[in-house]
Amino acid sequence: MKRIVSFIVIVLVSIGVMVWSTPNLLNSVRLGLDLKGGFEILYEASPMTGGQEVTRESLVETAKSLEKRVDALGGSEPEITTEGSNRIRLRIAGVTDEKAVRERIKEPANLTFRSLGSASDAKATDKGAAANENEAAANGETESEAAADPYQGFDKIELTGSDFKPNGASVQYDQIGNPMISIELKDANKFADVTGRLIRQPMAIFLDDQLLSAPEVKQRITGGTAQISGKFTREEAQNLRDTINLGALPLKLTEKYSQSVGATLGQQSLDQTLMAGIVGSIIILVFMMFMYRVPGLIAAFCLIIHTWGTILIFNWAGITLTLPGIAAFILGIGMAVDANIITYERIKEEMRSGKSIMSAFRAGSKSSFRTVMDAQITTLIAGAVMFWLGTGSVRGFALVLMIDIVTSIITNVLLSRYLLSLLVKAKSLKKPGYFGVKGSEIREL
Amino acid sequence: MSSKKQTEIVSTKWNFNFVKASKYFYMFSIIVTLAGIISLSIFGLNYGVDFRSGSNVDISVSKVVSKAEVEKVVSDAKLDQEANITAGSNRINIRFPEVLSDTQVQTLQSTFNSQIDPKASYEVNTVDTEMAKELERNALLAIAVASIGIVIYVTIRFEWRFALSAIVALLHDAFLVISVFSILRLEVNLTFIVAILTIIGFSINDTIVIFDRIRENLRFAKKQTHDDLEDIVNKSVSQTMTRSLGTVFTVFIAAFALLVLGSESIRMFSLAMVIGLLFGTYSSIFIASPLWLALRNKKKPSAPKAAKATN
């Protein structure tokens, strides 16, 4: 009697918890861009200037900077991941204005302080002349094309984006109230060196290929703060400050792959796939109850808990559900049911060989457990490899598959066995028919 | 079916000499494999946008649109390239051999919206060939590494002959599905790789369940002559047959529901899954188990082929 009560309590409590939590649970599932519209871009990063390498740090920094840019537009939750040694994958779901996001991302906004470089260097100093000769020669050749050069001969980069403090730009006003932009530098000494070297020479300040100003350096600046003054209006100055603060991307990005899904199409895919999932699940549940009667009913119940538990894990771990993910999920239901089928078939077999229900249950559960675990672990290995080596949707699929396997071990192996054991031990399943075994099939021992 | 020793076996509905029948199935698998090799080497695979450089535009429309109307839109948008247009009932697919730029995509969308359907919804895919090749390499690597992992696990839990037979069966399944896609010219894209990897997972799962039963029956077998082993394999396959069919039925229903009712975007994925599931069950029964027997018999000194054994 006690066991029957605990069986009923477990079932009712789980149903209660599921009914109570499901609406909230379903609403907080993060849907991928293929299910609610949005876009995905895979970028390949290359260094801004030749000869440098793409480092892990610069890649991560670029990804962070991308995130900031997308966040600045508001509204969406971007998912930005680095991949391999030089790739960044950007996923934005639920964005309607793709154009605005793309433009914001493409804006590299690289602030550079430039000097006339090699040409003037060679004149000004004797040392290092040998090293500079080649550059000077190359420079001479291109001088005729100077009109096409957006940097107007300022070909030597003295300071670049990474030399400035993040969020270090601010708008200030000079004595007569003209706005100017003040920028803090990471390394005051470096700036002092540069300005010291360039005394009485012009130093140009560029935002990308746009010349902001080209003042002549009057003295060594040691304070670690650079000022850009020009003929800005107050509004221009503020915009400029924001652009500078948003920061430059440390790396140059080229699009390698892109996918964009309209919101209607995404919704359609979601509806269709969910429909497929519901229809498939119902057929599976009916099949289980038909084949295995009472244990089949328990399996069906555990399968519902399995589905609920998997969605719960998705929410906790913040996993985004995509179309291949749903596919893995639905297949996972099939695999979870397999654990029950293996166990129940085994129990039925033991019963047919003439064992009592109790000992058939014990023997069947025990020997099928090993089979189920071996089968699940081998599939788990395949899933882990896919997750490890895969990219993009392959990875998403593998993650869902692995979560599915783990939850199915908990619900459709352990929980279903426990529930069945309660009923068997309470002796409420006396007839073999409850297991779907015909009396005529049972051999006498 | 014929063996006298089977009298002592618990009778099931599936008494059948699987080992004897396996030679016909070997033939079948070899023929399909050869056809696959020929088809792959002559025609290759019909790569979708994920594997071919270019742009793919899927448009979901609220009314019926003819191909000619779409052609007009494409030429009006002045994209300077030949497009391959497929118009369905509420979905249009346009393939461009060269990558469309952002502005080109926008021109296409605005032309389409103004000329045909202002409520159209778009899916645009763009890929670089370099990426596609890498995806393929990645998938092959994943299969190779997964196979090694499975071999190690199965060798530890069972023995190497089981591992080897299981790997042959899973490669067989993966290759046959690829062959079918090549022969029927079905489109292969990124989700196809996912499907192949799942089929491998399922195939190994299915094979392990039968092998587990063979291992168990082996433990209780007194003698292990050639005939005894054949009986054990037949017995194990038939004992697990209801389970094999039950499982393949449930997973098949799930995959089939996805194929019939699921989204267009994963149709090929579902189809690959459905085909792969059938091959997976088939190979576990008719390929993997008899193959294990063949490998095992080589070991026995009394077996007829012992003289040829080299290890």
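Just so it is clear, none of the values below were taken in a lab; they were calculated from the coordinates. Note that the coordinates shown come from a computational prediction; the quantities given were computed from them, not determined experimentally. FYI the Cβ positions are ideal-geometry reconstructions off the backbone, even for glycines, and counts take in every protein chain you see.
Brief remarks follow.
- Alpha carbon centroid spacing (whole Å) that separates segment B:209-271 from segment B:155-176: 14 Å
- In chain A, the calculated helix contribution to ellipticity at 222 nm averages -19000 deg cm²/dmol per residue, counting -39,500 (n - 2.57) for every DSSP H run with n ≥ 4.
- Spin-label pair A:S85/A:K252, simplified geometry with 7 Å Cα→Cβ offset, distance in nm: 1.9 nm
- Exceedance of the 24 Å cut-off in Cα-Cα distance is limited, within the set A:K366/B:K223; B:K23/B:K298; A:K36/B:K119, to A:K366/B:K223.
- Listed pairs A:K438/B:K20; A:K438/B:K222; A:K2/A:K431; A:K355/A:K438 exceeding 25 Å between Cα atoms: A:K438/B:K20; A:K438/B:K222
- For A:D187, nonlocal amide neighbours, meaning residues 5 or more places apart or on other chains whose placed amide H falls under 5 Å from its own, do not occur.
- Principal-axis tilt of helix B:67-76 within chain B, Cα atoms, nearest 10 degrees: 60 degrees
- A simple rule links phi to the HN-Hα coupling: the Karplus curve 6.51 cos²θ - 1.76 cosθ + 1.60 with θ = phi - 60°, which for segment A:21-32 gives 8, 4, x, 5, 4, 5, 5, 8, 5, 7, 8, x Hz, with x for Gly and Pro.
- Note on chain B: percent of Cα-Cα distances in each 20 Å bin, starting at 0 and stopping at the bin with the largest distance, equals 27, 45, 21, 7, 0.
- In segment B:132-234, the C-alpha radius of gyration followed by the widest Cα-Cα span (Dmax) gives 16.7, 55 angstrom.
- GNM remark for chain B: springs join alpha carbons under 10 Å apart, and the peak mean-square fluctuation among B:F286, B:F28, B:F269 falls on B:F28.
- Restriction of the trypsin sites (Lys or Arg not before Pro) in segment B:50-144 to DSSP coil positions whose beta-carbon has at most 12 other beta-carbons within 10 angstrom yields B:K63, B:K78, B:K119.
- On Cα atoms only, tilt of A:234-246 relative to the major axis of chain A in degrees: 50 degrees
- For segment B:204-305, averaging the sequence separation of C-alpha pairs within contact (under 8 Å, six or more residues apart) and dividing by the residue count gives a relative contact order of 37 percent.
- Measuring nothing but how far apart in sequence close Cα pairs (under 8 Å, 6+ apart) lie, relative to its length, chain B scores a relative contact order of 25 percent.
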